[in-house]
1. With the condition kept exactly as written, say whether any residue in the range 88-97 is within 11 Å of Gly288 (Cβ to Cβ) and either surrounded by 15 or more Cβ atoms within 10 Å (Cβ to Cβ) or not hydroxyl-bearing (Ser, Thr, Tyr) (or both).
2. When only residues in the range 160-194 that are of a type in the set (Ser, Thr, Tyr) and in contact (Cβ under 8 Å) with a residue 12 or more places away in the chain count, which is nearest to Leu137 (Cα to Cα)?
3. Name every residue in the range 131-147 that is loosely packed, with under 11 Cβ neighbours inside 10 Å and free of Cβ contacts under 8 Å to residues at least 40 places away in the same chain, in order of residue number.
4. Given the condition within 23 Å of Leu235 (Cβ to Cβ), in a helix (DSSP H, G or I) and in contact with a Phe, Trp or Tyr (Cβ under 7 Å, 6 or more places away or on another chain), answer yes or no: does some residue in the range 121-137 qualify?
5. Quick check on this structure: which one of Trp53, Trp69 is open to solvent by 90 Å² or more (accessible area, probe 1.4 Å) and of a type in the set (Phe, Trp, Tyr)?
6. Among the candidates Ile205, Ile200, Ile188, which residue alone is farther than 30 Å from Pro233 by Cβ, under 21 Å from the mean Cα position of the chain (by Cα) and surrounded by 15 or more Cβ atoms within 10 Å (Cβ to Cβ)?
7. Taking the range 156-185, which residues are among the acidic types (Asp, Glu) and open to solvent by 70 Å² or more (accessible area, probe 1.4 Å)?
Amino acid sequence: MTTTGIFVEVPAVQALPLDGRAPSGRPARWRRVLRALPPYLYLLPALACVVFWTYRPLAQTVQLSFYHWDMLPTSPAEPAGLDNYRRLLSSPQLGRSLWLTVVFILGMVPFTIIVPTFVGLVTRRLRGRTAALYRALVFAPMLVPPVAGAVVWQWLLDPRYGAVDRLLGTDLNWLQQTGPAQLAIVVITGWHVLGFAVLIVTAGIAGISDDYTEAAALDGASRGQTTRWITLPLLSPTLLFLALMTVLLSAQWSFPVIDNLTQGGPSGATTNIYYFLWETAFQGFAAGSAAAAGVLFFLGFGVLALVLVRLSDRLGVHDN
């Protein structure tokens, strides 16, 4: 660098090569790859677990659905083609279990949507210790293990000295009669998940801005009109989420209750599709048919979930 008069001469900067390579010689493409790699390395363990514990069993289930196998290690699986699917689709037990599953899901709607919405709206103004006590009492059944809860309910529903018959003044044998057994499974499963649904609704109500309510009050709207025209529409994404959970998971939640109280009886009155699948695999020792049932249920619930998500996007009202 030299000084001439008032000007300073600076050496010219050497231009980069036209082939895009850095002065060090390392290709620019590899440098971009190495720069973008760390986030994927952090995700790699989780993705490996998902592939190993979820998609690998799913692929094995699909493969097993095309074989006959009685689950004995000494008995090799024999190719069956589509025979498992044909026998399954022609089985009357499958249609009956599907119908019982639909009835069960409809029976769960009051416990997962209607009652939680009512409780959430009534108790939304609770604050302080009262709110904490209310949340603890509502969520407590969710903390009870399903097997322990089933044992307690078995004692409560006992036809000889159970508290339920004494309270209602009836002499029903709840777990050994067809209609009462279905009702008992719905009520016990609903009692178990009610607290979870109430907390979801409470969180949804807490996310609605008070500005809307205050603006409606300034316009002279009553509390019922505010609930009808403001709160419930803005709560619709939460309610649609609960509806999705009810359709996809409620029958699955009932499995430990059914297995401990009725074992699918009486006369198959409480055999939903999940218990039907379990009976096919572990009582009928037909692993191929059970795998075929699992594949059909997976596809059916996948399509149902897709439809419900599309409906949720269309029907839900979001606060922008």
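1. Among the residues of the range 88-97, at least one is within 11 Å of Gly288 (Cβ to Cβ) and either surrounded by 15 or more Cβ atoms within 10 Å (Cβ to Cβ) or not hydroxyl-bearing (Ser, Thr, Tyr) (or both), which makes the answer yes.
2. Thr189
3. Within the range 131-147, Leu137, Leu143, Pro145 meet the criteria.
4. Checked the range 121-137: no residue is within 23 Å of Leu235 (Cβ to Cβ), in a helix (DSSP H, G or I) and in contact with a Phe, Trp or Tyr (Cβ under 7 Å, 6 or more places away or on another chain).
5. Trp53
6. Ile188
7. Asp171, the sole residue that qualifies.
The values are calculated or read from the model by the stated rules, or taken from the named source; none is laboratory data. All values reported here derive from a predicted model rather than from experimental measurement. In this analysis, Cβ positions are derived from the backbone assuming ideal geometry, glycine residues included, and neighbour counts consider all displayed protein chains. Quick note on the areas: whole protein, heavy atoms, side chains included, nothing else; ligands and nucleic acids left out. Shrake-Rupley method; radii C 1.70, N 1.55, O 1.52, S 1.80 Å.
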